[in-house]
Amino acid sequence: MDGARAPGTMRTVPIMARREAASPAAAMTAEADGKPGCIEHRAYARVGLLGNPSDVYFGRTISFSLGNFWSSVRLEPSKDLVIRPHPKHDLVSFDSLHHLATRLQNEGYYGGVRLLMAICNVFYRYCSEKNIALKEGNFTLSYETNIPRQTGLSGSSAIVCAALNCLLDFYKVRHLVKVQIRPDLILNAERELGIVAGLQDRVAQVYGGLVYMDFDKKNMDTLGHGVYTPMDVSFLPPLHLIYAENPSDSGKVHSTVRKRWLDGDKFIISSMEEVAKIALHGRKALEERNMSELAKLMDCNFDLRRKMFGDDVLGSLNIQMIETARSVGAAAKFTGSGGAVVTFCPRGPQQVKLLQDACLRANFVIVPVVVAPSALADGDLMMISS
Ligand SMILES: Nc1ncnc2c1ncn2[C@@H]1O[C@H](COP(=O)(O)OP(=O)(O)O)[C@@H](O)[C@H]1O
Ligand SMILES: O=C(O)[C@H]1O[C@H](OP(=O)(O)O)[C@H](O)[C@@H](O)[C@@H]1O
Ligand SMILES: [Mg+2]
């Protein structure tokens, strides 16, 4: 999908090696399939490394953009404004009733069309409220994605994030929409649709690379966003991702805990504070390259989630993924609300081999983690440093 450079068009971001330095991916322009005015953006899956889900509760997280999987959105100027359904993900024609029923059971009712519509709506409203003038002219939006669905890898917000980047470039208003605000726009688009979610996913996808995030209530109230600090990806040791093909419903996972937290449940409030502290300590551990501490913090993060949510809510397969990793002494936690697990083998390659064998036996997919680079353009970087 990468192409030659041409003004006014964007190119997708290449997957970089795990430790490769961050590059201003969003600033790279190129002609998408040689069509003038065509814009294409890629946004990656994300891994919540430490501190999630405290992002939903004014806590802190360290998350990174996962180069193994991505969504891309393409914007082509057109006479009418068209949101193009994806031939596979927005299927409306079936071989049989059985096919329809199986498909709905596995994938749910919705694809990406509603996400693209919602971000257009939210973007339009935001620009109107802020008196940001938008030029005349229409476009067609289409998307592709290879992020496994409902695995806590943030497939939905990747589509929304890539679409937002297309809109920012089509209307040439990137400099008028603060980088720190963009995750909120993405979240608002999903909230419109009733999707339960937090900010860490969207921050990781807007910024790319590895980011430390502080969602302290005072800052959220006064600044209107959290404080997001990009970190050096070379701090990260080799990590592995484990996932299963069965989906988990993130909305359901959050619902009880959120209610208890809102109702002032002391156990949930104090546990969530503990989870937020994990990101704080994790930042220090990463900077000091204290890998045994990192392993401890990852495990502690999962244990706290388990106590708060309970095994029934987390789901037996998700717990089995964690236990498979722990059976060989690897540290493990959920990347999001369930469906995929990020693991760290502090004893190195031999332990990784044991982990791979254990995953094979348990029928889980295991892949080495690739960290996607910074997704910020030069102008974006200037905005966050000013
Ligand atoms: N692979 C996909 N293709 C199309 N739409 C998707 C895909 N993944 C997610 N979505 C959209 O996002 C919504 C929420 O997805 P969700 O279950 O939160 O997955 P995730 O946690 O990976 O974001 C879905 O109902 C659907 O509308
Ligand atoms: O529970 C979590 O860790 C995360 O859950 C959601 O992400 P998802 O990819 O849907 O599992 C939520 O959007 C995040 O903010 C939470 O940290
Ligand atoms: Mg989601």
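Nothing in this text is a laboratory measurement; each read-out follows from the coordinates by a stated rule. All figures in this text were calculated on a predicted structure; none of them were measured in a lab. All Cβ positions, glycine included, derive from the backbone under ideal geometry; neighbour counts span all protein chains shown.
Things to note:
- Computed magnitude of the charge dipole of the chain (debye, nearest 20; Cβ of K, R +1, Cβ of D, E -1): 280
- Longest DSSP-loop-exposure-free segment, GluC sites (Glu not before Pro), the chain, at most 12 other Cβ within 10 Å: 137-287
- Sequence-separation-based contact order of segment 316-382, relative, with Cα cut under 8 Å and 6+ spacing, percent: 25
- Sequence of SER63, SER292, SER156, SER271 once ranked by neighbouring C-beta atoms within 10 Å, starting from the fewest: SER292, SER271, SER156, SER63
- Placing R0 at 22 angstrom, the Cβ-Cβ distance between ILE132 and ASP378 gives a FRET efficiency of 0.60 after rounding to 0.05.
- 24 Å Cα-Cα threshold exceeded, pairs from LYS178/LYS284; LYS35/LYS79; LYS307/LYS333; LYS172/LYS217; LYS88/LYS178: LYS178/LYS284; LYS172/LYS217; LYS88/LYS178
- Positive-end residue of LEU286, PHE302, HIS98, charge dipole of the chain with Cβ unit charges: LEU286
- Under a model in which nothing but the beta-carbon of Lys, Arg (+1) and Asp, Glu (-1) is charged, segment 266-374 shows a dipole of about 140 debye around its Cα centre.
- Working note: 222 nm ellipticity from helices only, DSSP H runs with n ≥ 4, each -39,500 (n - 2.57), summed and divided by the residues of the chain, gives -13000 deg cm²/dmol to the nearest 500.
- Multiplying the residue separation of GLN350 and THR256 by 0.36 nm and subtracting their alpha-carbon distance yields 29.8 nm.
- Cα gyration tensor category, rounded, prolate or oblate, for segment 282-355 with a/c compared to 1.5: oblate
- Mean-position separation - Cα centroids, segment 318-386 and segment 136-159, in angstrom: 22
- Net lengthening on full extension, ASN106/LEU176 (0.36 nm per residue, minus Cα-Cα): 21.2 nm
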